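Novice: Below you will find the structure I want to go over with you.
A short reminder: the numbers here are calculations on the coordinates, not readings from a lab. All of these numbers come straight from a predicted model, not from anything done at the bench. All Cβ positions, glycine included, derive from the backbone under ideal geometry; neighbour counts span all protein chains shown.
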Amino acid sequence: MSTKHRVWKYGDNVNTDLVFPGKYTYTVSHDPAELASHALEDLDPHFAAQVQPGDVIVAGRNWGNGSSREQAVTCLVAAGVRAVIAASFARIYYRNAINSGLLVIQCPLVAALVETGDSLELDVAQAQVMVGEQTFSFPRLPESVAGIVEAGGLIPYLKRGYVQGTE
């Protein structure tokens with residue numbers, strides 16, 4: 001089933017300090033609203049106030065490079081971002097995103113076609129992104145990764161497995 005999402009577009013090499021400013025690393029609480037209020041503030045001062053649940057970030061190459069700071073993922077989750085679609089991801093950011101239940105999709109051609117405010121459709125089950133009349137495939141998520149994202153992160157995924165008796 002495909003779902004429609006509003007796009008926020010950013011370029012190449014958006015590092016973790018731009019996603020969540022390092023100056024807040026040790027001063028903000030883990031309150032989701034507080035984390036979300038600082039999302040992308042140094043890159044896009046309007047993002048935190050205007051992002052809506054279900055919005056999607058589309059970016060260029062090397063999204064999330066820099067430190068391994070988890071707040072760079074959790075602030076987007078707290079803001080309600082459904083997915084980040086990028087040409088490529090920094091390895092540690094990609095893993096932190098999966099662990100936090102943030103859908104990350106590598107689909108390089110999408111970034112060239114959208115602008116902030118556009119919409120796209122996302123069909124995770126079919127591994128497709130639809131932009132206007134064009135459809136782009138992305139690598140299908142492994143079953144375990146899809147399960148982690150669906151559960152809302154690694155910890156809920158593991159707890160669900162234990163609750164269901166699949167230890």
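Novice: Between SER68 and LYS159, what length comes free when the chain is fully extended (0.36 nm per residue of separation minus the Cα-Cα distance, one decimal in nm)?
Specialist: Details: separation 91, 0.36 × 91 = 32.76 nm, distance 2.44 nm.
Using 0.36 nm per residue and subtracting the Cα-Cα distance, I get 30.3 nm.
Novice: So how far, in whole Å, is the C-alpha centre of segment 16-56 from the one of segment 87-104?
Specialist: Distance between centres, Cα-based: 17 Å.
Novice: Might you report the magnitude of the Cβ-based charge dipole of segment 3-163 about its Cα centre, with Lys and Arg at +1 and Asp and Glu at -1, to the nearest 20 debye? Walk me through the numbers on the way to the answer.
Specialist: Numbers: 12 positive and 16 negative charges, 94 e Å.
Taking the Cα centre of segment 3-163 as origin, the dipole is about 460 debye.
Novice: So if we plug the beta-carbon distance of HIS46 and ARG140 into 1/(1 + (r/R0)^6) with R0 = 30 Å, what FRET efficiency do we get, rounded to 0.05? Provide the component values of the computation, followed by the final result.
Specialist: On the way: r = 34 Å, r/R0 = 1.13.
So, using R0 = 30 Å, E works out to roughly 0.30.
Novice: Would you mind calculating the gained length between ASN13 and SER88 on full extension (0.36 nm times residue separation, minus the Cα-Cα distance), in nm to one decimal?
Specialist: On the way: separation 75, 0.36 × 75 = 27.00 nm, distance 0.95 nm.
Using 0.36 nm per residue and subtracting the Cα-Cα distance, I get 26.1 nm.
Novice: Round to the nearest 0.05 the FRET efficiency obtained for LYS23 and GLN126 when R0 = 45 Å and r is the Cβ-Cβ distance. Before the final figure, lay out each step's value.
Specialist: Details: r = 41 Å, r/R0 = 0.91.
The value I calculate is 0.65.
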